[in-house]
Amino acid sequence: MTRYLLVAILIVGGVGACVGDQGAGGTGGACTSAFRNVDPRALPPYGASPLDDAIRGCKTVADWRAAWDAVPAAHPGRSDPIEFLRDRCMDPVLGATTLCHEVAG
């Protein structure tokens, strides 16, 4: 009996941890974290953007927009999150991401 209780607690705890990553408003936690980690002054390799890791970390366009709005310091001088995303999704590696597939569809 106690073994089943322990398994149930572990399962519920694991589900809670996964749900917790989405944040209170449904915004993807990994997406917002990726935006917060952006240093717009950093010089990425030629052809890359400091926001490329955020593109990899965001799973939906809704998460991308929410994180874009929540962390404006990550993209100084840029106002249209979808235009920026479409431009970066032209990169073949980024174009294969879930986010780029959604924005292209």
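Scanning segment 66-86 for residues that are open to solvent by 80 Å² or more (accessible area, probe 1.4 Å) and farther than 14 Å from Arg36 by Cα gives Gly77, Arg78, Ser79, Glu83, Arg86. Taken over segment 50-65, the residue count meeting the criterion of being touching a His at 6+ places or on another chain (Cβ under 9 Å) and surrounded by fewer than 18 Cβ atoms within 10 Å (Cβ to Cβ) is 1.
The values are calculated or read from the model by the stated rules, or taken from the named source; none is laboratory data. Everything numeric in this text was worked out from a predicted model, so none of it was measured. Note that each Cβ is placed from the backbone with ideal geometry, even for glycine, and that neighbours are counted across all protein chains shown. Protein only, heavy atoms only, side chains kept; ligands, DNA and RNA dropped before computing areas. Shrake-Rupley method; radii C 1.70, N 1.55, O 1.52, S 1.80 Å.
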